[in-house]
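A.B. asks: Here it is, the structure in full.
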Amino acid sequence: MQPIPFNRPLSLETGLDYMRQACAAGHLSGDGPFTHRCHALLEELLGAPRVLLTTSGTHALELAALLLDIQPGDEVIVPAFTFVSTVNAFVLRGARPVFIDIRSDTLNLDERQLDDLLTARTKAIVPVHYAGVGCEMDAINTIAARHEVAVVEDNAHGLLGKYRGQPLGSLGRLAALSFHETKNFSCGEGGALILNDPADAARAEVLREKGTNRAQFFRGQADKYTWLDVGSSFLPSDLLAALLLAQLEARAFIQERRRHVWERYAGQLQDWAEDNDVRLPTVPAHCAQPWHMFYLLLPTAADQQALLEHLRREQIMAVFHYLPLHLSRMGRSFGGRAGDCPVTEDVSQRLVRLPFYPGLSEDDQARIVEAVRCFRCGRRSFAVPPPPKARACG
């Protein structure tokens, strides 16, 4: 029995061809022809005035923090249930993270708590579109506008997802994308900053090029390039952009494969979930998801650990997800305490993510489904599964 991994990166022959073309052209550093093609395609898909590739989603968020002039003493509201990069990008600039709890349905930032957390020091709100399901952006943007704070979408999960018909990543002043190997479209490591306000574009380009006007120089818009601002080197190699472009161009194929995997899980686990008091992902009618992940929300923490161990014995790599950031060592240093974000604290102990990638075969997925269906919540031990025809544990 072969192990089933949690994720397996998709390799496309077109990507290898593009990388060979980049090598033959002799432009391997940043902002080459393939980078420009990625920029143009993402701008078209998102309706964004400007998109800039970065070396990671983390760097896209760090670039956003630079662009917003985040300073020591500023506050940034972030969900406690997210990846650490969402917070680190702003902490690196001296900001204090203010942790907000999540909704119990979509597991997104709970917009109903924002008014109570906003202060005169709040500089930004960072909604994270968990699993590619859009946060309640109408309410978030209304509150942000009233308090004159920026909205930075962490859209690491949500490229091609939509909220009320609008692309995720097009709804805040800024947005960050990730092209890590676990994401729908990948170049191994990579990201992008989406600039939805044209006024931000010129400075973002300078910050991304080590604080210089180097990009303008190469376009013939400056006689020399010089140091103008703070900044860092956020440019990915054009080799990575070549790999990414092939995946973006194959988006219809990739998304269709991911949709089939998601819908097979949902259809084949629905009755088991109802019988075992397990909740499947919630996707509101006004949100179009990009089929990023499939998770189970078990009744108890003991069930989560028991299911993970059961699947490991079946050589199926399922995983839990985020631990509450406000309860981490760093989170506590900013004042985080148990009970501050009760939904986050509860969900993090019960959530299990199942293997999910476009190359997941129907046979392997059937094996995963069968293993899950053999699990009974509240039970600590499991018999050896019966032969496939027996269906004793369906």
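A.B. asks: How big is the charge dipole of region 53-170 about its Cα centre, in debye rounded to the nearest 20, if each Lys and Arg gets +1 on its Cβ and each Asp and Glu gets -1 on its Cβ?
C.D. replies: Approximately 160 debye in magnitude.
A.B. asks: Percent relative contact order of region 239-384, based on C-alpha pairs within less than 8 angstrom and at least six residues apart?
C.D. replies: Rounded, it is 31 percent for region 239-384.
A.B. asks: What is the local net charge at Trp272, summed over the other residues whose Cβ is closer than 10 Å to its Cβ (Lys, Arg +1; Asp, Glu -1)?
C.D. replies: Neighbour charge sum, excluding Trp272 itself: -1.
A.B. asks: So what's the angle, to the nearest 10 degrees on a 0 to 90 scale, between helix 301-313 and the longest Cα principal axis of the chain?
C.D. replies: With rounding to tens, the tilt is 80 degrees.
A.B. asks: Right, another one. What list of ³J(HN,Hα) values in whole Hz, one per residue of region 82-87 in order, does the Karplus curve 6.51 cos²θ - 1.76 cosθ + 1.60 (θ = phi - 60°) give from phi, with Gly and Pro shown as x?
C.D. replies: Result, ordered by residue: 6, 6, 4, 4, 4, 8 Hz.
A.B. asks: Just want the answer: with Cβ charges of +1 for Lys and Arg and -1 for Asp and Glu, which residue in Ala80, Gly158, His180 is farthest toward the dipole's positive end in the chain?
C.D. replies: His180
A.B. asks: Which order do the peptides 61-67, 204-210 come out in when sorted by mean C-beta neighbours inside 10 angstrom, highest first?
C.D. replies: Per-residue Cβ counts within 10 Å, averaged per peptide and sorted highest first, yield 61-67, 204-210.
A.B. asks: Using Cα centres only, tell me the gap between region 218-297 and region 132-195 in whole Å.
C.D. replies: 11 Å
A.B. asks: Let me ask something else about it. Length gain on complete extension for the stretch Thr300 to His27, per 0.36 nm per residue less the alpha carbon to alpha carbon distance?
C.D. replies: 93.0 nm
A.B. asks: Using the Cα centre of the chain as the reference point, and only Cβ charges (+1 on K/R, -1 on D/E), how large is the resulting charge dipole? Debye, rounded to the nearest 20.
C.D. replies: Around 700 debye, computed over the chain.
A.B. asks: Mind ranking 269-279, 145-155 by how tightly packed they are, going by the mean number of other C-beta atoms within 10 angstrom, highest first?
C.D. replies: 145-155, 269-279
A.B. asks: So what is the relative contact order for region 13-249, in percent, with contacts set as C-alpha pairs under 8 Å and at least six apart?
C.D. replies: The value is 26 percent.
A.B. asks: If you don't mind, another one. If I fit a long axis through the Cα atoms of helix 137-147 and take the longest principal axis of the Cα atoms of the chain, what angle between them do I get, 0 to 90°, rounded to 10?
C.D. replies: 40 degrees
A.B. asks: Tell me, in nm to one decimal, what length is gained between Leu323 and Arg337 on full extension, where the rule is 0.36 nm per residue of separation less the Cα-Cα distance?
C.D. replies: Full extension of this stretch gives 3.7 nm more.
A.B. asks: Under the Karplus relation 6.51 cos²θ - 1.76 cosθ + 1.60, θ = phi - 60°, what is the ordered set of whole-Hz ³J(HN,Hα) values for region 276-283, x standing for Gly and Pro?
C.D. replies: 10, 6, 9, 9, 8, x, 9, 10
A.B. asks: Count the DSSP beta bridges whose two residues both fall in the chain, then state the antiparallel fraction as a percent rounded to the nearest 5.
C.D. replies: So the antiparallel bridges amount to about 60 percent of the total.
A.B. asks: How high is the FRET efficiency between Arg146 and Val230 when r is their beta carbon distance and R₀ equals 35 Å, given to the nearest 0.05?
C.D. replies: 0.70
A.B. asks: What is the helix-to-structure angle for 13-25, meaning the angle in degrees between its Cα long axis and the longest Cα principal axis of the chain, kept from 0 to 90 and rounded to the nearest 10?
C.D. replies: That works out to roughly 20 degrees.
A.B. asks: Over region 223-321, calculate the relative contact order: mean separation of alpha carbon pairs under 8 Å at least 6 apart, over the residue count, as a percent.
C.D. replies: Relative contact order comes out at 18 percent.
A.B. asks: So what is the calculated 222 nm ellipticity per residue for the chain, using -39500 (n - 2.57) for each DSSP H run with n of 4 or more, over all residues, to the nearest 500 deg cm²/dmol?
C.D. replies: One gets -11000 deg cm²/dmol as the mean residue ellipticity at 222 nm.
A.B. asks: Another question, if that's okay. Ser361 to Arg203: extension gain in nm, 0.36 nm per residue of separation minus the Cα-Cα distance?
C.D. replies: That works out to 52.3 nm of additional length.
A.B. asks: Among residues other than Trp262 whose Cβ falls under 13 Å from its Cβ, what is the net charge (Lys/Arg +1, Asp/Glu -1)?
C.D. replies: +3
Taken together, the values in this text are just the output of simple stated rules run on the coordinates, not laboratory data. Here the structure is a predicted model, which means the values were calculated and not measured. Cβ coordinates were reconstructed from backbone atoms using ideal geometry, including for glycine residues, and neighbour counts include every protein chain displayed.
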